[in-house]
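Laboratory data are not the source of any read-out in this text; all were calculated from the coordinates shown. Here the structure is a predicted model, which is why all the values come from computation and not from measurement.
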Amino acid sequence: MVEFLYDCFQGPALVASTLVCCVMAYWAMVTLGAVDLDTFDIDLDFDLDADIDGPDVQVDGGHHSPLSVGMVGLKFFNLGEVPLMVWMTCFAICTWALTMLFDRGMSNADTIEGLKALARNGGIALFLAKFMTQPLKGFFVTPEINKSENLLGQTCIVTTSEVNSKHGQASYATEASPLVINVRTEDDQFVAQKGETVRIVDFEPERNTFIIQRVQQET
C-alpha cells in the first residue's frame, strides 16, 4: 500500500494524482453544499456559424474564425454539454488510470519522456471522457428562458444538501429523464433541505435560476 501511494505521487503520476485530489475536494464541497454543481461551468451556447465583425477580424463566407473552430472542438468532447466538473472528473480518472497503467514508477516527470507520457495519456483521456459523458448530454440542460414560465407553479425535489438564497439545485420530473435546475430561496428565512418538495414561483434569467418556496400544506 505504501509503495502504491509512493508511485501515485512521483513522475507523471504526480500530475494525474493531484488532479484527482482536486476533483475529490470539489465533490466533497458539493456534498457539503459549499458550492454548486455548475460553479465552474463554461458557456459555449452561441452560434458558431456567425460572422465575426471588427477592425482586426474579417471572416469571409466559407471560413470560420479560429475561435469558432476551437469551440467546435470543445463541444465535440462534450465540454459545455455537461457540467465542467463532471467532465473534469471523468478526464482526471482516465488520465490517472492510464498513467498508473503505462507509466507507474516513472520518476522523471520533468523530462521530455515524462511530458510525452502526460501528453499521450491526456490525449487518450480526452476521448475516454467524451465516451463516458456522452450519455449525460442533455441531462443537466436548464429549460430555455422563453419556456421557463412553463415551470412556474410546478414542484421539484431538492437534490443538494440544502437550498438557500445563495446556492442549491433541484430535480424537476419530466417525461424523459429528470431535469436538474438551479434554484434559490427568496431569503435565508427559508432553507430547503435535501429531498424536500418545493414549488417554483419565479425565474431570474440573469442568473438562469428558479426561485422556490415551501409547498403549502392543504387543509
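In the distance distribution for the range 76-219, Cα-Cα pairs more than 19 Å apart total 62 percent. Straight distance only, please: which lysines reach the Cα of LYS116 with their own Cα at less than 30 Å, same-chain residues fewer than 8 apart left out? Within the straight-line limit of under 30 Å, LYS116 reaches these lysines: LYS75, LYS130. Available extension along the chain between LEU84 and GLN213 is 43.6 nm, counting 0.36 nm per residue and deducting the alpha carbon span.
The length gained by stretching the chain between LEU101 and GLU162 to full extension, at 0.36 nm per residue less their Cα-Cα distance, is 18.0 nm. At full extension, ASP188 and SER171 could sit 4.1 nm farther apart than now, given 0.36 nm per residue minus the alpha carbon distance. For GLN169, the residues whose modelled amide H falls within less than 5 Å of its own, excluding neighbours fewer than 5 places apart on the same chain, are THR159, THR160, VAL183. Along each principal axis, taking the top coordinate minus the bottom one, the Cα set of the range 145-214 gives 30, 24, 17 Å in descending order.
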